[in-house]
1. If you find the alpha carbon centre of the stretch A:197-267 and of the stretch B:230-307, how far apart are they in angstrom?
2. Return the aspartates and glutamates within reach of A:LYS78: Cα separation strictly under 14 angstrom, same-chain partners fewer than 8 residues apart disregarded; answer none if there are no such residues.
3. Could you tell me what % of all Cα pairs in chain A have separations over 37 Å?
4. Using alpha-carbon pairs under 8 Å, 6+ residues apart, how would you state the relative contact order of the stretch A:196-349 in percent?
5. For B:LYS205, which aspartates and glutamates qualify as cross-link partners when the Cα separation must be under 12 Å and same-chain residues fewer than eight apart are set aside?
6. Please compute the average number of Cβ atoms from other chains found within 10 Å of each residue's Cβ in peptide A:190-197.
7. Quickly rank A:202-213, B:175-186, B:59-70 as a protection proxy: mean count of other C-beta atoms within 10 Å, highest first.
8. How shielded is A:55-67 by partner chains, expressed as the average number of their Cβ atoms within 10 Å of its Cβ atoms?
Number of protein chains: 2
Amino acid sequence: MKPRLMTPGPTPVPEETLLELAKPVGYHRSSEAKAILAEVSEDLKYVFQTKNPVVTLTSSGTGGMEAAVSNCFSAGEKVILLIAGRWGDRWRNLAKAFGLNAVVVEVPYGKAIQPAQLEEALKAHPDAVGVFATLSETSTGVGHDIAAFGKLVTATPAILVVDAISGLGCMECRTDEWNIDVNVTGSQKALMLPPGLAYVSISDKAKARIDANQSSKTFYFDLKKYLSKIAESDTPFTPANTLIKAQRVSLQRIRKEGIENLWARHARMARAARAGVQAMGLHLFAEQPNNGLTVITVPEGVDGNAVLSKIEKQYGIKLANGQDNMKGKIWRMAHMGYLDLFDVLAALSALELVLHEVGFLKEVGPGVAAAQQALAAKA
Amino acid sequence: MKPRLMTPGPTPVPEETLLELAKPVGYHRSSEAKAILAEVSEDLKYVFQTKNPVVTLTSSGTGGMEAAVSNCFSAGEKVILLIAGRWGDRWRNLAKAFGLNAVVVEVPYGKAIQPAQLEEALKAHPDAVGVFATLSETSTGVGHDIAAFGKLVTATPAILVVDAISGLGCMECRTDEWNIDVNVTGSQKALMLPPGLAYVSISDKAKARIDANQSSKTFYFDLKKYLSKIAESDTPFTPANTLIKAQRVSLQRIRKEGIENLWARHARMARAARAGVQAMGLHLFAEQPNNGLTVITVPEGVDGNAVLSKIEKQYGIKLANGQDNMKGKIWRMAHMGYLDLFDVLAALSALELVLHEVGFLKEVGPGVAAAQQALAAKA
């Protein structure tokens with residue numbers, strides 16, 4: 001069986017990147033290692049669409065989120081949290097852990113925060129010094145209008161901090177143009193690497209906050225240290241240097257495709273996925289779906305867990321279940337990482353076959369046919 | 001040229017472990033992933049020689065050290081720091097970052113902290129709640145008598161926290177028998193993996209402190225979360241799962257050799273290294289050298305940097321320079337990781353050849369001959 005990993009992280013990694021990981025390990029303080037980090041840092045700026053430094057942390061994406069919270073803010077400072085699911089909740093938990101005064105703007109699972117809601121919150125809380133958002137809320141499949149958020153936040157003293165962990169590199173995300181002050185992502189999503197690295201871009205506005213922060217209690221995630229070291233293409237602590245070296249290979253692939261082409265290809269994959277599942281009579285869970293993953297509401301009378309299990313066991317395709325209390329209620333089909341149009345078609349085919357097998361669908365074909373039409377259509 | 005990485009981390013990784021890293025990436029919440037983490041956790045207990053849980057963090061070793069400091073202690077609490085070099089200094093910097101009240105017991109570079117010094121400090125500070133030590137001080141090559149430290153600390157309310165990052169797995173280290181409450185190591189030293197993972201063992205005495213700690217400001221390194229998850233062979237945040245899978249392979253190698261055989265082999269390698277360099281008329285920098293690396297004082301009139309550079313360029317052997325203000329003053333030859341007796345012989349041979357080339361040695365041969373005699377000798 002040919003496995004296809006279609007979860008919203010980790011994602012499939014290109015063969016040439018995997019082979020890089022099998023090469024002998026080098027010394028992390030050599031001039032070669034610095035040259036590699038320099039190249040990776042430049043390519044990350046391209047993927048982030050930023051002129052600001054992007055630092056590399058050896059941690060999961062949550063480590064990058066913690067770095068943003070602990071470095072940019074002091075206990076008691078007021079921040080606005082935009083929460084539309086489990087990953088927005090991670091901002092809430094981090095804000096709590098570091099004693100921030102959180103104003104929460106929240107919508108139910110499946111809904112997206114609207115710019116007008118942020119506008120209202122900013123008006124009601126002119127003393128807020130930070131706004132936390134999520135580009136791709138992978139627990140629900142919602143994508144947020146970060147560009148609109150940025151326009152609102154940039155006019156205030158607050159900084160905009162974005163969790164772009166599962167979106168950056170597959171969805172349009174223009175860090176500088178959209179006024180994102182701190183943008184956080186991880187290696188194991190659209191950047192086509194195994195888990196282990198987090199990347200954080202830092203604007204001048206954010207850096208001023210970091211520099212002014214006297215009360216930060218952090219050491220491993222001290223962004224001042226990372227910023228001073230990245231200027232010499234180095235890191236303050238031993239980095240996962242083989243992952244960095246392999247990241248170079250996946251980033252070269254992204255460079256070669258071109259970031260706008262990559263966004264367009266993921267948009268095409270997402271359109272096909274949405275058309276396919278809707279043609280099977282299924283409903284999208286997200287009111288404002290993003291291009292990194294398609295989240296499907298499990299229809300009445302269908303055992304959601306059993307369907308996923310069949311798709312994996314019979315066809316080798318790993319889709320993600322809902323998390324926590326969403327388990328069994330939604331299916332999450334990611335189309336990010338080293339996947340192409342035909343992997344999406346494969347996933348739709350398997351889903352259609354299994355839904356037919358369990359009696360939900362009378363016939364097969366409309367799902368993949370609709371996807372095929374979406375692939376053929378002009379954007 | 002055949003490269004030999006003989007720095008005290010990263011270290012060479014066995015081919016079968018590297019190949020594991022080239023395999024397709026899997027989902028980190030699958031039952032397969034949990035079974036792998038369970039196996040790795042058990043094998044880590046064996047390497048640590050502990051019955052207590054060993055948690056896996058996705059970070060460098062410093063992340064593990066931060067976890068120990070931030071979870072076990074509150075700001076203002078008194079701790080004793082045993083500092084004999086740059087890595088002891090890391091404890092000082094961490095204690096400062098988290099506001100601990102640090103009592104420092106310090107010796108000059110090259111010297112080792114003696115148990116009597118700790119005994120005195122414990123008597124003078126009966127209110128100390130923690131003692132921080134370093135098993136292998138890789139900046140100087142000193143090894144500490146952790147067993148003796150443990151005997152002293154266990155009789156007090158304090159917990160013993162050890163940085164065993166570059167020692168565990170190559171030097172004798174018996175976590176439970178030696179009364180180490182929190183033992184921290186990293187993946188990229190004797191455990192024969194690239195950098196990216198830190199491992200932390202936690203005794204009941206340490207756990208009681210963690211549970212009672214209300215003021216801890218940490219999220220990513222919250223050991224309570226890792227302890228509750230490891231009980232179900234899971235992690236709170238996306239782990240570097242391909243590294244964990246590869247760690248299994250290197251740990252199987254350690255299991256197969258047997259931990260006591262492995263300690264004995266490293267002791268033999270260290271004896272050969274010491275005999276070899278002394279037979280070249282060189283001096284050991286550490287008064288109490290450890291078995292993971294041999295640190296050599298650069299003799300008068302020899303350009304320490306140039307010698308290292310020649311060894312690397314002409315013979316492919318990478319030794320480590322001194323760090324910070326020790327640069328050019330010492331050479332650090334690590335013999336840990338996937339290296340054997342003959343790699344040590346290779347390094348001595350290259351060193352002897354280069355010292356001959358630069359005119360420090362009149363003849364070559366005595367160095368490798370002395371090493372050979374040490375290899376033949378009974379321990």
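1. Taking the Cα centre of the stretch B:230-307 as reference, the centre of the stretch A:197-267 is 30 Å away.
2. A:ASP127
3. Working: 14893 of 71631 pairs.
Cα-Cα pairs of chain A separated by over 37 Å account for 21 percent.
4. Working: 131 pairs, mean separation 27.0, N = 154.
Dividing the mean separation by the residue count of the stretch A:196-349 yields 18 percent.
5. Straight-line reach from B:LYS205, under 12 Å: B:ASP176, B:ASP181.
6. Working: counts 0, 0, 1, 2, 12, 12, 13, 3.
Mean shielding count: 5.
7. Working: A:202-213: 17.7, B:175-186: 25.0, B:59-70: 27.2.
In descending order of packing, they fall as B:59-70, B:175-186, A:202-213.
8. Details: counts 0, 0, 5, 11, 11, 11, 3, 6, 9, 1, 3, 5, 1.
Mean shielding by partner chains, rounded to a whole number: 5.
Only the coordinates and a few stated rules stand behind these numbers; no lab work does. The shown structure was predicted, so the numbers you read here are calculated from the model rather than taken from an experiment. Using ideal geometry, Cβ is built from the backbone for each residue, glycine included, and neighbour counts are taken over all protein chains shown.
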